[in-house]
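First the structure, in the form of structure tokens, and then the observations on it.
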Amino acid sequence: MNRLLILLFLGFLLSCQEKTPAQKPNILFLFADDQRADALGVSGNSHIQTPTLDQLAKEGSRFTNAYVMGGNHGAICMASRAMLLSGQSLFRVYDRLNGVETMTMDFAKAGYTTFGTGKWHNEKEAFEASFQQAKNVYLGGMANHYDIPLRDYGPDGKLGEPTRKGYSTEIFAQTAIDFLNSQKDASNPFFCYVAFTVPHDPYSPELGLIGKYPDGSIPLPENYQPFHPFQFDDLTVRDENLTGWPRKPEVIQMILSDYYALVTHLDTQIAKIIQTLKDNGQYENTIIVYAADNGIAAGSHGLLGKQSLYEHSMKVPLIIKGPGVPQGKELDAFAYIHDLYPTLAELAGIPKREDVDGKSLAKVLSGEERQVRETLFTAYRNTVRAVRDQKWKLIRYPERDFTQLFDLENDPEEINNLAEDPRFESEKTKMMELLETSQREFGDTIALTAPLLKPMAYNPDTLKRKPDQWQPEYILKRYFSDLNPD
């Protein structure tokens, strides 16, 4: 009789275990602003210190061909963030999220507690619809990192009036830490979205990081040029105003010193967030994503900003670590950041949305698939279109009737244009056909040769620049003193 009772009791325990649902993983989404894919130590860059992110990549998987699809105006990050949160491609969502079902809405429906802090460069109402909890939210694009206006949710669940606070990176990191601590004993999983404003300009590091990388210590990019060789759009847009023409090597190195210091400071703050997860026992059951909204030129091709379709501006870092993600993998599969919506949903066991354009990378992570697409299409305004495969990349400038063709296997820095070399005519033709196919696939209706052509030549001496309202004193003295020598 005793033996029978024991067997019945064990059977009862097993049946209870079978009925207990598996605990869903938490999500921690860390989003940088304007970070080049190669501005990470783990990418092979020996000049920058990012030990936390390097370790995260070793414990998870890193995509080496992750991209933003592009943008419909100079603020690439508006379209980028709209694509990320909606899972839709550029020509469906552009930069508008109002009325759009977002990633965090789906996670909330699945029982997640959703929290947002940091930069939100889309509509205020879209943020309020997307997050249940929020603190220290910045509504805008560029910002003075030392003095950033931030908003919290009020009792009505709406973002209140802004209050100016301290250095942005530290504020957003501590806000995330406070939220994670609040979820230590929570029964529901969380989705914590932390959108930093660095390393976006102004390139003004936290005071303790100024001089972290001495001026002149960072080598110039391999594809550094003093001028962009031709005009294709507005050469004085946004980021391009930081220094004059020609781009002096010593000034580009100053920019890189400040830029790298911003990234290293960000790395130290992310270390604190990750340590909080570990201290709270949340680390092993949290999927951590590290990505950026777009890259940046920072001296490459004679440019400073991201308003082009070169690799340095469209390619972004992408690291995923957590349950269901193998350790130490480097994956060369083509990925868009709007693939993260269906990817995280699949990893978390959330039903697939049929109306998203992004493709889940979960089977790439598991090794079941090598890739989810064979080619990759990017676009900027009406002025540039590009397509690439594993070897070739073609960039088309419709308003200039000009084409670039690069062999990325042998020329990853996009230095040698092969478009006019007759030996590569067949590759050029194939890539042009592929570009037209990609346009049809994504609903891009821009003609690849504009009806009215504009000149490629320009006179750099006629380009005028001035500081914007967000530049702190550090930047004005360091980069704009030549405009006011007295």
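The values are calculated or read from the model by the stated rules, or taken from the named source; none is laboratory data. Treat the numbers as computed from the prediction; the structure is a model and nothing was measured. A quick note on method: Cβ atoms are made from the backbone with ideal geometry, for glycine too, and the neighbour counts reach across all protein chains shown.
What the table shows:
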| read-out | value |
| --- | --- |
| Residue list for region 136-149, filter: crowded, with 18+ Cβ neighbours inside 10 Å and in contact with a strand residue (DSSP E or B) (Cβ under 8 Å, 6 or more places away or on another chain) | ASN136, VAL137, TYR138, ALA143, ILE148 |
| Criterion: crowded, with 24+ Cβ neighbours inside 10 Å, over 30 Å from ASP233 (Cα atoms) and modelled with pLDDT of 95 or more - qualifying residue of MET83, MET103 | MET103 |
| Single condition GLN390 does not satisfy, out of (1) within 21 Å of the chain's Cα centre (by Cα); (2) assigned by TED's automatic domain parsing to the domain that holds ALA419 | (1) |
| Breaking point among (1) touching a residue at least 60 places away in the same chain (Cβ under 8 Å); (2) over 24 Å from SER61 (Cβ atoms); (3) in a helix (DSSP H, G or I); (4) not acidic (Asp, Glu), for TYR213 | (3) |
| Boolean, GLU441 is surrounded by 15 or more Cβ atoms within 10 Å (Cβ to Cβ) and not hydroxyl-bearing (Ser, Thr, Tyr) | no |
| Residue count, region 367-404 (criterion: crowded, with 21+ Cβ neighbours inside 10 Å and under 17 Å from LYS315 (Cα atoms)) | 13 |
| Region 475-486 residues that are over 13 Å from ILE255 (Cα atoms) and modelled with pLDDT under 85, paired with ones that are surrounded by fewer than 12 Cβ atoms within 10 Å (Cβ to Cβ) and not small (Gly, Ala, Ser) (beta carbon under 9 Å, 6 or more apart) | LEU483/LYS466 |
| Region 54-63, subset out of contact with any strand residue (DSSP E or B) (no Cβ under 6 Å at 6 or more places or on another chain) and in contact (Cβ under 8 Å) with a residue 12 or more places away in the chain, residue surrounded by the fewest Cβ atoms within 10 Å (Cβ to Cβ) | LYS58 |
| Residues of region 310-337 classified as at pLDDT 95 or above, under 14 Å from ILE288 (Cα atoms) and outside any strand (DSSP E or B), total | 5 |
| Residues of region 259-287 satisfying the condition of being buried (at least 24 other Cβ atoms within 10 Å of the Cβ) and without any contact (Cβ under 8 Å) to a residue 60 or more places away in the chain | ALA261 |
| Condition broken by GLU368, with the remaining ones in (1) outside any loop (DSSP other than H, G, I, E, B); (2) in the same structural domain as TYR67 (by TED's automatic domain parsing); (3) not aliphatic (A, V, I, L, M) satisfied | (1) |
| Residue, farthest from LYS329 (Cα to Cα), within region 344-395, restricted to residues that are of a type in the set (Ser, Thr, Tyr) and in contact with a Pro (Cβ under 9 Å, 6 or more places away or on another chain) | THR383 |
| All positions within region 391-420 that are part of a loop (DSSP other than H, G, I, E, B) and either among the hydrophobic types (A, V, I, L, M, F, W, C) or out of contact with any Leu (no Cβ under 8 Å at 6 or more places or on another chain) (or both) | LEU408, GLU409, ASN410, ASP411, PRO412, GLU413, ILE415, ASN416, LEU418, ALA419, GLU420 |
| Residue among TYR290, TYR259 that alone is not aliphatic (A, V, I, L, M) and not in a helix (DSSP H, G or I) | TYR290 |
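To keep it simple, each residue is scored yes or no on (1) outside the structural domain of ASP34 (by TED's automatic domain parsing); (2) within 17 Å of the chain's Cα centre (by Cα); (3) under 30 Å from PRO219 (Cβ atoms).
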| site | (1), (2), (3) |
| --- | --- |
| THR52 | no, no, yes |
| GLU59 | no, no, yes |
| HIS73 | no, yes, no |
| CYS77 | no, yes, yes |
| SER89 | no, yes, no |
| ASP106 | no, no, no |
